[in-house]
Every structure is written in structure tokens, then in C-alpha cells.
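The values are calculated or read from the model by the stated rules, or taken from the named source; none is laboratory data. Just so you know, these numbers come straight off a predicted model, no measurement behind them. Neighbour counts are summed over all protein chains in view; Cβ atoms, including those assigned to glycine, are modelled from backbone coordinates with ideal geometry. The area values use the complete protein model at the heavy-atom level, side chains included, leaving out ligands, DNA and RNA. Shrake-Rupley method; radii C 1.70, N 1.55, O 1.52, S 1.80 Å.
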Amino acid sequence: MTDQTITSVSREKRVFGPSAEFQRQANLGSMAAYKRLYRESVNSPEKFWDRQAKDLLVWRKPYTDVLKWKAPHAKWFGGGTLNVAENCIDRHLGTERENKAALIFEGEPGDVRTITYRQLYFEVSRLANVFTDLGVGKGDRVAIYMPMVPEAVFAMLACARVGAIHTVVFGGFSAESLKDRIIDCGAKLVITADGGWRRGKVFPLKPTVDEAVAKAKCVEHVLVHQRCGNEVPMRAKRDIWWHEATAEVANTHKAKAFTSEHPLFILYTSGSTGKPKGVLHTSAGYLLGSKLSSKYVFDLKENDRYFCTADIGWITGHSYVVYGLLSNGATVFMYEGAPNQPGPDRFWDMIDRHGVTIFYTAPTAIRAFMKWGDEHVKKHSLKSLRLLGSVGEPINPEAWMWYHKNIGKKKCPIVDTWWQTETGSIMITPLPGVTECKPGSATFPFFGVQPKVVDDLGHEVPLGSAGKLIIAQPWPSMLRTLWGDDKRFKETYFSDFPGIYFTGDGARRDEDGYFWIVGRIDDVLNISGHRLGTAEVESALVAHPKVAEAAAVGRPDDLKGQSLVVFVTVKSGIEVSDELKAELRNHVGKEIGAIAKPDEVRFAAALPKTRSGKIMRRILKQIAAGQLVKGDTTTLEDFSVVAALQAED
Ligand code: PRX
């Protein structure tokens, strides 16, 4: 992070407040109300969260403590029990929401399904009964490797219902990545589909599961949803068709209650070292955080139709497709496929046809829409939209303005929401009826969140200066640990500033107190809004028989935010060639998944290192970006290595 980049991001001076019309109907409609609630939430967090937990959640047994905090371990709502699925489904039954659409699904080929809350109850109950028959229950791990179809949501909720812990693995990850995750958490059931539709073709999933499960002894069963009808091999006894298993069981299910801190899910995410980490979220606190934030950040109203473009394989899909929205009784629109299938106006077409009112997407997608051209947007009215959101990476002011004018027609507030897999729910964000937005700034903290920008010693830096972003107080939806590795949990998040959560992001506050997130300051890349650890890519590369050493760095990219550049030295006697570049790209794709395929592979005779042998990524970053190498190079072991790399440019 350089001071220069931060200045260029936060130079923006334009301010956009909510319209009087929006403000009038908003769930929270004044800055004074926000300030009052916010102050209470950070000054008397237990009082604030106690009230929210009582108002928003259905408890089977009331809790006795709001928070027990022994850094870095938080216990929220101790003594209480509840069922998360019951909070997302059953509580709406017997109310006017019973026959309301919980999910409206559109497949890529154009098939549409509406699932009411009542039908959701039947679907999830059937699956919960299947789980019980298969011996899957409290505390068991279930891996979900599915396309973006309603069955993926049913699967998550059925896990919550029986107290099993789900780990959703994004369908774009390779067999190797899936296997690692299955083994790490010891999943005994894997839920998948024959395939999903993507860009007009069937994207097979079951063969990938077969490859992964062949090496994962913990798996007892594979439950297969038939989505596309493509031919898939089924292994006797192990593999079960979803439609066959669910046809034989009751469509009602009595949910058991679990303690507030019962694990709800594990979600693997990239870190700066080693393999992806299993971020663990638990029940009550996570549900409360995702529910409260959905209500205020998306200003949810009974007749909203909410469309979030994230896949459920990411945290955004967990909190803001499933848990936060369904617990509020909202109608969620879900789409299976690519945004440009059959044409670049697919989203706009669906928004008009389904009357979508709230649209939540990522800056990388917005930049793609900009590139595809305004004419595709203009073909549709988008008149149903009333609120827009952005997540995943800093949104550049140009993209913000384009989104505001072309999609929001200058009338929809934009919520630029900053948060992380680890935080479970939105942390820094505008509130749509309240906040005067500056394009590119995530603005102010959400309730109960106390972010600070600090120097290396943990002292708050003056307004206008850059620093590290920490969260000074525990919050209900925070991660509880890393699955099976509490030591890594402490080291990763609570050791830079003992006892205080460090986000890994850099930020600055401007003279008006607005937060501007700069991005990761560790060795984590953000490519098209997806997190990728440089160490993961490097270890995949060095596992290739022809590679001696590798270094992965991010390069600024107009579309993807960052693109992935890898520097590779080959073993002696190996000829470098364009074919080898392609081979290495494919190799990384196979090891991790298509999202990790390097955009550029560069061969080098040697990599720049410190005298103690550490690769100097800072220098490679500058070389990848085509910049002159600046800064301290005195620790370099051999400057000629840098000169050689630069000469190639
Ligand atoms: O660097 C921040 C960036 O994405 C990281 C978290 O990635 P992940 O856990 O995959 O979750 C993404 C979806 C919540 C953060 O550390 N990030 C996320 N949202 C924003 C953002 N950076 C700037 N502005 C945002 N709105």
C-alpha cells in the first residue's frame, strides 16, 4: 500500500445523499437516529445486542449472558438455544408470509421456479429427514458442491435444521481443492448435482466430486441433485439420487434446538500463508448479524424482490442470499448462470421481468457491464429498482458513477458494503436512507462495529493518514476460530495487535471521518472480488515437476481489480516456451480452480531475494505493473536479477 494509491482513491469530493422520497420510507431515515443507535451499540453493546436478539430471533430457550469475551474467543448469547433453519423458515409459517415467495429462481436456460416459504419448509424438511436416515446429524460436516440452484439453499438449511455443519465449496474449485476441504473438515456427506448450466453448456460437477471423494475416506455418501440430466456415473451404496431419497420421506420435520454457539458452517478462504483456512461461524450471533444488517443496509420491505449476484459458495451468498434474507422473510431472486448468456443484458432483462427492487453485485461485474456498453442497459427500464449494493473490493469512483446513473437512474442509493468472510456480516456501509455517500467510500460503521485505522503500534492515526484497519470490539457474527487450528486463528487475526481483530486491510479516514478501504496489505490478492493467497498459487506451481521456484503477485487491472502474474524459474535443463506457460496456467487451474489461473506467466532466470533468501514480492509487484523499481533495495541479494527482469519488459 502506498500513500499515493490511497490518495488517488479518496480524492473524490462529490457527495450523494438519499432522496427525500427514499428517506421517508426508509427503515432508518435520519443521521441522528443512526448516530444515537450507533453510539448505544458501541458504548453499551450488551444492552444493544440483547434488545436486537430478543426482537429479531426466535429462541427455544432464552440466553442468560449476552457476551463472554476472553480475547480472542467470544461467546454470544450463552445459555440460549435456537434453530437457525426454524428462524429462516418455520417462523414465517402461519403468518401472511406463508405463501409468499422465499425464492424465485431462474436457470440459465430460462426455466423459472417460485418456492414459497411453505414449500421451502417441505423441501428442507424432506432433506433433513434424508439426513437423519443417512445418520447425518448434530456436529457432522456436510460439503455442498452445487450450482446456484434452490437445492443448494435447501441443503444449507437442512444442515442447519439437523445441526450439521455445512461447508459450501464454490463449484468453480477443482477436485483437488474440493478434496482438501472435505478432508480438512472430515465431511461425511457430500451434496452435489449432475451439473449446472454455464454459458449455454452443462458444467459437470459430479465427476469432480468423484475424483475428490476417491481420495477422501471420510465421505460415506454423495447425494446428487439432478439438474441438467447429463450422464453421471453413480456408485452403488455411496451415491444417492436426491429425488429418489426425498420421495421416500415425510415432508415435515421437527427441528431440534441447538446452543447459540453451535457451529453453523465452515467456509474456506484464502490467507497469506499455506492452504485455505476454515473460517468457523456459529449459530445465534451469525444469524443476528446477518439479519440485522440485511434489514437496515438493504432497507428490506415486505414486497421487495432482492437479487444478489453472488454464488452461495462465497460468504456473500451465505449471509445475503440465504441467512440474512430468509430470516427476514424476504423474497430472494436467484440466478444460475453467466451474466452475459444469452446476451450482455441478461441481468437487466431479469430485473425487469421479475420486478427486482434491490440489486447487490461486485465492482468487477459493474466494470464488465460498463465495458459491454450502455446500449444493453438501455433496452430495459429497470424501473422496479430502488436500491443498489456493491461488495467484494473497493469500487472505483468511475464505476460508482456509472452504476448510479445507468442502473440506479440517479434515484437509487448505493450501499458500498465492506466486510469479510471472517466478519460474517456487513461492517462498514452506508445506510440507504441516511448516509451521504462519496463514490468509492464505504462510509461509516454498522451497529456494534468499532473500526479503527491504526499504525503498527496500534495507535489511531490522524484523519487523512493511512494505516491498518482493526475492529476494536467483538461483534456477534465474528468468526469463532479456524476449523481445527485455533493457533492459526490467534496468529492470523489477533497477534498484530494482541486481543484485537486485525482485518488484513489498509484504510484511511478522510477529514469528514469517512472510511476508505484500500485493500489487502497482506499477501492476499483480490481478483474479480475473489480472495486468493499468493502462497496457494506458489505452492501449486512448485508442485509442477518443471518448476524450481515461483512467486505470485497482483497487478492492477481495470476489469478484475487485480490480475494474477506469476514469476517462475524452471529446473535446470528445462526449456521455457509458450507451451510451458499454457501448461503451467492449466496446472494451477487444475490444482486450485479456474479462478486461480494466472493471467500472465513470466519466466525468470532468478527471483529477487533478500540476503536471508525471502522473495521480495514488493519488487516483483512493481515489475509486473511495468513500474520502475523504487524503494529500499539495499536488502536485495543481487540487483542484477531485477535488472534482468526489467530489461525483459
Ligand atoms: O479487502 C477487502 C475486500 O474483500 C476482502 C474480503 O474478502 P472475502 O472474505 O472474500 O469477502 C468478500 C465479500 C464480503 C476484504 O478484506 N472487500 C470486500 N468488500 C469491500 C472490500 N474492499 C473495499 N470495499 C468493499 N466494499
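Quick look at the numbers
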{"quantity": "Residue in segment 445-462 that is in a loop (DSSP other than H, G, I, E, B), of a type in the set (D, E, K, R) and out of contact with any Lys or Arg (no Cβ under 9 Å at 6 or more places or on another chain) present", "calculated": "no"}
{"quantity": "From the options LYS609, LYS597, residue that is at pLDDT 95 or above and in contact with a strand residue (DSSP E or B) (Cβ under 9 Å, 6 or more places away or on another chain)", "calculated": "LYS597"}
{"quantity": "Pair list, Cβ < 8 Å and 6+ apart or interchain, from segment 631-649 residues that are free of Cβ contacts under 8 Å to residues at least 24 places away in the same chain to residues that are open to solvent by 50 Å² or more (accessible area, probe 1.4 Å)", "calculated": "GLY631/ARG618; THR633/PHE639; GLN646/LEU628"}
{"quantity": "Counted residues, segment 298-325 - those being within 16 Å of the ligand (Cβ to nearest atom) and touching a helix residue (DSSP H, G or I) at 6+ places or on another chain (Cβ under 9 Å)", "calculated": "16"}
{"quantity": "Index of the failed condition, LYS201 passing every other in (1) within 21 Å of LEU287 (Cα to Cα); (2) without any contact (Cβ under 8 Å) to a residue 24 or more places away in the chain", "calculated": "(1)"}
{"quantity": "Verdict on HIS380 being away from the ligand (no atom under 16 Å from the Cβ) and open to solvent by 10 Å² or more (accessible area, probe 1.4 Å)", "calculated": "yes"}
{"quantity": "Segments classed as helices (runs of 4 or more DSSP H), wholly inside segment 1-61, with at least 1 members that are open to solvent by less than 60 Å² (accessible area, probe 1.4 Å) and at pLDDT 95 or above", "calculated": "20-25, 31-43, 45-56"}
{"quantity": "Of all residues making up segment 403-429, the number that are open to solvent by 10 Å² or more (accessible area, probe 1.4 Å) and more than 9 Å from the ligand (Cβ to nearest atom)", "calculated": "7"}
{"quantity": "Residue tally, condition touching a strand residue (DSSP E or B) at 6+ places or on another chain (Cβ under 7 Å) and farther than 20 Å from ASP299 by Cβ, over segment 346-361", "calculated": "1"}
{"quantity": "Matching residues, segment 383-402, being touching a residue at least 60 places away in the same chain (Cβ under 8 Å) and within 15 Å of the ligand (Cβ to nearest atom)", "calculated": "GLY389, VAL391, GLY392, GLU393, PRO394, ASN396, PRO397"}
{"quantity": "Residue check, PRO474 within 30 Å of VAL321 (Cβ to Cβ), in a loop (DSSP other than H, G, I, E, B) and out of contact with any Ser or Thr (no Cβ under 9 Å at 6 or more places or on another chain)", "calculated": "yes"}
{"quantity": "Yes/no for LEU326 being of a type in the set (A, V, I, L, M) and closer than 20 Å to ILE414 by Cα", "calculated": "no"}
{"quantity": "Matching strands (runs of 3 or more DSSP E) fully within segment 139-226 where at least 1 residues are open to solvent by less than 10 Å² (accessible area, probe 1.4 Å), touching a Lys or Arg at 6+ places or on another chain (Cβ under 8 Å) and not aromatic (Phe, Trp, Tyr)", "calculated": "141-145, 165-168, 189-193, 195-198, 221-225"}
{"quantity": "Whichever residue in segment 292-324 is buried (at least 24 other Cβ atoms within 10 Å of the Cβ), over 15 Å from the mean Cα position of the chain (by Cα) and among the aliphatic types (A, V, I, L, M) and, among such residues, is nearest to LYS61 (Cα to Cα)", "calculated": "LEU292"}
{"quantity": "In segment 598-649, the residues that are in a loop (DSSP other than H, G, I, E, B) and acidic (Asp, Glu)", "calculated": "ASP599, ASP632, GLU637, ASP638, GLU648, ASP649"}
{"quantity": "For TRP348: the one exception among (1) surrounded by fewer than 19 Cβ atoms within 10 Å (Cβ to Cβ); (2) more than 16 Å from the ligand (Cβ to nearest atom)", "calculated": "(1)"}
{"quantity": "Count of segment 67-101 residues which are open to solvent by less than 20 Å² (accessible area, probe 1.4 Å) and more than 26 Å from the chain's Cα centre (by Cα)", "calculated": "2"}
{"quantity": "Answer from GLY278, GLY274, GLY289 - the residue that is under 20 Å from the mean Cα position of the chain (by Cα) and on the phi > 0 side of the Ramachandran plot", "calculated": "GLY274"}
{"quantity": "Every residue from segment 236-277 that is among the polar types (S, T, N, Q) and either over 24 Å from VAL222 (Cα atoms) or within 16 Å of the ligand (Cβ to nearest atom) (or both)", "calculated": "THR259, SER260, THR269, SER270, SER272, THR273"}
{"quantity": "Test for HIS253: is it open to solvent by 40 Å² or more (accessible area, probe 1.4 Å) and not in a strand (DSSP E or B)", "calculated": "no"}
{"quantity": "Residue that is nearest to the ligand (Cβ to nearest atom), among those in segment 351-377 that are open to solvent by 50 Å² or more (accessible area, probe 1.4 Å) and closer than 30 Å to ARG520 by Cβ", "calculated": "MET370"}
{"quantity": "Selection count, segment 232-249, where residues are in a loop (DSSP other than H, G, I, E, B), surrounded by fewer than 12 Cβ atoms within 10 Å (Cβ to Cβ) and not basic (Lys, Arg)", "calculated": "3"}
{"quantity": "Those residues of segment 438-449 which are under 21 Å from PHE16 (Cα atoms) and either within 23 Å of the chain's Cα centre (by Cα) or within 9 Å of the ligand (Cβ to nearest atom) (or both), in sequence order", "calculated": "PRO439, GLY440, SER441, ALA442, THR443, PHE444, PRO445, PHE446"}
{"quantity": "Scope segment 450-469; condition without any contact (Cβ under 8 Å) to a residue 60 or more places away in the chain, more than 19 Å from the chain's Cα centre (by Cα) and within 14 Å of the ligand (Cβ to nearest atom); matching residues", "calculated": "LYS468"}
{"quantity": "Considering residues of segment 522-537 that are within 10 Å of the ligand (Cβ to nearest atom) and touching a Lys or Arg at 6+ places or on another chain (Cβ under 7 Å) only, the residue least open to solvent (accessible area, probe 1.4 Å)", "calculated": "VAL524"}
